[in-house]
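See below for the structure under consideration.
The values are calculated or read from the model by the stated rules, or taken from the named source; none is laboratory data. Note that the coordinates shown come from a computational prediction; the quantities given were computed from them, not determined experimentally. Glycine gets a Cβ as well: all are built from the backbone with ideal geometry, and neighbour counts include every protein chain shown. Accessible surface is based on the protein model in full, side chains and every heavy atom, while ligands, DNA and RNA are left aside. Shrake-Rupley method; radii C 1.70, N 1.55, O 1.52, S 1.80 Å.
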Amino acid sequence: QPQLVESGGGLVQSGGSLRLSCVASGAPLDMYDMGWYRQAPGKEREYVGIIATDGTTGYAGSVKGRFTISRDNAKNTVYLQMNSLKADDTAVYYCKLVQRSQTYWGQGTQVTVSS
């Protein structure tokens, strides 16, 4: 059973940058599309972006041009580089893997952007 662990969150000022990591065990990430999601207080979890097995990426409109997803298959890790952060980006960030129709989430990492 895959296990995902996110890290890299923290407190950053508006306009700053953070890089989140999602390390997987129990599943080779290069075989799966990997998604990033976030959930702000009082709101539903929302899609941030995805990286496919061939390396192509897609992003929500709210983060396009500011966030970049990449993967290091040797480290079984997916990254979310976040630049030009805004207060609206404050949320818990999660990575997601779907294996045989089963969805796996990490525990999340908190990102707080101060204005």
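In Å², and per residue, what accessible area does the chain have when probed at 1.4 Å with the other protein chains present?
Solvent-accessible surface per residue comes out at 53 Å².
Each residue of the stretch 46-89 gets 78 Å³ once the volume of the Cα convex hull is shared out per residue.
Which trypsin sites (Lys or Arg not before Pro) in the stretch 56-115 pass both tests, a DSSP loop state and at most 16 other beta-carbon atoms within 10 Å? Don't jump to the answer; show the numbers that get you there.
Working: sites: Lys64, Arg66, Arg71, Lys75, Lys86, Lys96, Arg100; in loops: Lys64, Arg66, Lys86, Arg100.
In loop regions of the stretch 56-115 (DSSP not H, G, I, E or B), the sparsely surrounded trypsin sites (Lys or Arg not before Pro) are Lys64, Arg66, Lys86, Arg100.
Per-residue 3J(HN,Hα) values for the stretch 11-18, derived from phi via the Karplus relation 6.51 cos²θ - 1.76 cosθ + 1.60 with θ = phi - 60°, read 9, 9, 7, 4, x, x, 9, 9 Hz in sequence order (x marks Gly and Pro). The aspartates and glutamates within cross-link reach of Lys64, meaning a Cα-to-Cα straight distance under 13 Å and a gap of 8 or more places when in the same chain, are Asp89.
Partner aspartates and glutamates whose Cα lies under 15 Å from the Cα of Lys96, excluding those fewer than 8 positions away in the same chain, are identified as Glu6, Asp30, Asp33, Glu46.
Summing Lys and Arg as +1 and Asp and Glu as -1 over all other residues whose Cβ lies under 13 Å from the Cβ of Ser21 gives a net charge of +1. Derived value for the chain: Kirkwood hydrodynamic radius 14.0 Å. Basis is the mean of 1/r over every pair of different alpha-carbon atoms. When both the stretch 60-115 and the stretch 1-25 are represented by their alpha-carbon centers, they are found 7 Å apart.
Projecting label points 7 angstrom from Cα along Cα→Cβ for Gln102 and Ala74 puts them 3.1 nm apart.
DSSP loop (so not H, G, I, E, B), at most 16 other Cβ within 10 Å: list which trypsin sites (Lys or Arg not before Pro) in the stretch 22-62 pass both filters. Could you put the intermediate results ahead of the total?
Values: sites: Arg38, Lys43, Arg45; in loops: Lys43, Arg45.
Listed in order of number, the matching sites are Lys43, Arg45.
Here the chain has 45 percent of its accessible surface on carbon and sulfur atoms, given a 1.4 Å probe and all protein chains in place.
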